Structures are given as structure tokens and as C-alpha cells.
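Every number here is computed from the coordinates shown, using simple stated rules; none is lab data. Keep in mind that what you see is a predicted model, and the values were worked out from it rather than measured. Here the Cβ positions follow ideal geometry from the backbone for every residue, glycine too, while neighbour counts run over all protein chains shown.
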Amino acid sequence: YLAVLHECICRKAFDCKDHPKDVGCIFINMAGRRAVEAGIANQATAEEVRTHVQKARAAALVPHVEFAESEQFIWGFRNDQMNEFRMICLCCSCCCLAFNTIKNGSRDMRERFTSCGYTAVVDHSKCIGCGKCAAPCPVQCISYREDGKSVVDQELCLGCGYCKSECENEAMAIKQTMPLRESVNEYFLKEARIDDGMKR
């Protein structure tokens with residue numbers, strides 16, 4: 001069951017000036033049903049969701065899968081229902097609460113957000129150290145060597161590709177640097193932060 005929110009809750013709350021407010025998150029399964037019942041989303045087909053994600057990418061928004069206890073509180077899911085709660089957020093780096101948590105949180109907090117297997121890789125023979133790649137990074141994982149060339153923190157990079165889109169010298173590439181897992185649940189189970197039965 002797929003549902004698309006009428007608008008982005010974060011961008012609306014912060015009155016975003018740089019990205020469209022009407023590109024909302026995608027809620028899946030029971031979360032989607034709840035959102036439609038609440039009148040804040042429309043049920044969507046898989047094809048409509050794919051089109052929605054492409055619209056988000058064209059608007060420079062980062063898609064990522066969320067599993068958050070704050071969302072559990074807001075929507076009123078019991079612990080044993082949280083395996084039914086999944087959403088694909090379509091976020092800007094200026095208003096997104098998750099990205100602001102990453103940027104302002106501790107290293108441990110930042111590592112709770114992970115790539116699905118793709119990260120940015122720098123070709124130092126092409127990098128001229130202009131610094132344009134770092135500014136759009138939503139998780140601020142790009143730093144510089146002593147010679148001024150870019151370095152990507154592979155443990156924090158989400159592989160969104162915004163650094164690549166800003167690089168005029170094709171020094172940035174998005175490559176698969178970790179194997180993909182069988183299920184999206186495995187990304188949340190990886191660090192033992194949730195358990196399989198969602199019991200707490």
C-alpha cells in the first residue's frame with residue numbers, strides 16, 4: 001500500500017524558500033493507510049510513486065528510508081506494529097530534521113544514517129580543490145587534504161550525488177562501495193538498534 005503526502009511536513013513548518021513544499025514523503029503499508037485516513041495523503045500506484053521520486057530528484061531532494069521513534073510517537077504505532085511503518089522521505093538539506101540531526105549531532109548519531117551501498121568517490125587526478133562539491137552535501141561529509149583536494153568520509157556519505165552534480169571536472173563519481181542487503185529491514189537491524197520482533 002503506497003501513499004504520497006500532499007506536502008512536506010518539514011518544508012511547510014520551516015517555510016522553505018528553496019525547494020517545493022508540495023513534494024511530500026511516501027508512506028508505505030499501514031503508515032500509508034493512516035496518512036490517507038487522516039486526509040494528508042493520496043493512495044498511489046507504484047508507477048505514480050516512481051514519477052514522484054523523479055520529480056523530487058529534479059528538485060534536488062534526497063530520497064531516504066526512515067525508521068524513527070519520533071514518527072512512532074506522532075502516528076501512535078505500538079512497538080509490535082513498527083515493522084509496518086516505513087516511509088521514503090524526500091528531503092532538502094535546509095529543512096529536513098534528519099539531516100539537521102546529522103549535521104549537528106555526535107558522530108554516533110551521524111552514523112545512524114547509512115548509505116544503501118553507494119557512496120561518492122573522488123578521482124584526485126581530476127580534482128582541482130575548488131570546494132564546490134562540499135557546499136551541497138546534506139550530511140557535510142566532505143573535507144580537504146593538505147593539497148586542497150576533496151576527501152569523502154565513506155562512513156557518513158549517503159551517496160545522494162549532489163557533490164557529483166556540482167563538480168565541473170568530473171572528479172566525483174557515485175559507486176557501489178558496499179554490497180546491497182536483501183531487505184530494507186537489514187539496514188536498520190545492522191547495528192542492533194531495532195530487533196526483528198520490534199519488542200522493547
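Residue separation times 0.36 nm, minus the C-alpha to C-alpha distance between Asp18 and Arg78: what's the value? Intermediate values should be presented prior to the final figure.
Values: separation 60, 0.36 × 60 = 21.60 nm, distance 3.60 nm.
18.0 nm is the gain from fully extending Asp18 to Arg78.
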Notebook entry, point to check: Length gain on complete extension for the stretch Glu47 to Asp153, per 0.36 nm per residue less the alpha carbon to alpha carbon distance?
Noted result: 34.7 nm
Next item on the list: Return the distance in nm (one decimal) between the two label points of a simple spin-label model at Ser165 and His6, each offset 7 Å from Cα along Cα→Cβ.
Entry: 2.7 nm
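As an exercise, use a Förster radius of 22 Å and the Cβ-Cβ distance of Glu186 and Tyr144 to find the FRET efficiency, rounded to the nearest 0.05. Numbers along the way, then the final one.
Values: r = 34 Å, r/R0 = 1.53.
In this case the efficiency is close to 0.05.
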Next item on the list: Once you've got the Cα coordinates, tell me which of Lys55/Lys149; Lys55/Lys164; Lys103/Lys132; Lys21/Lys55 are over 21 Å apart.
Entry: Lys55/Lys149
Note to self: If you average the C-alpha positions of the stretch 104-133 and of the stretch 14-46 separately, how far apart do those two centres end up, in angstrom?
What the structure shows: 28 Å
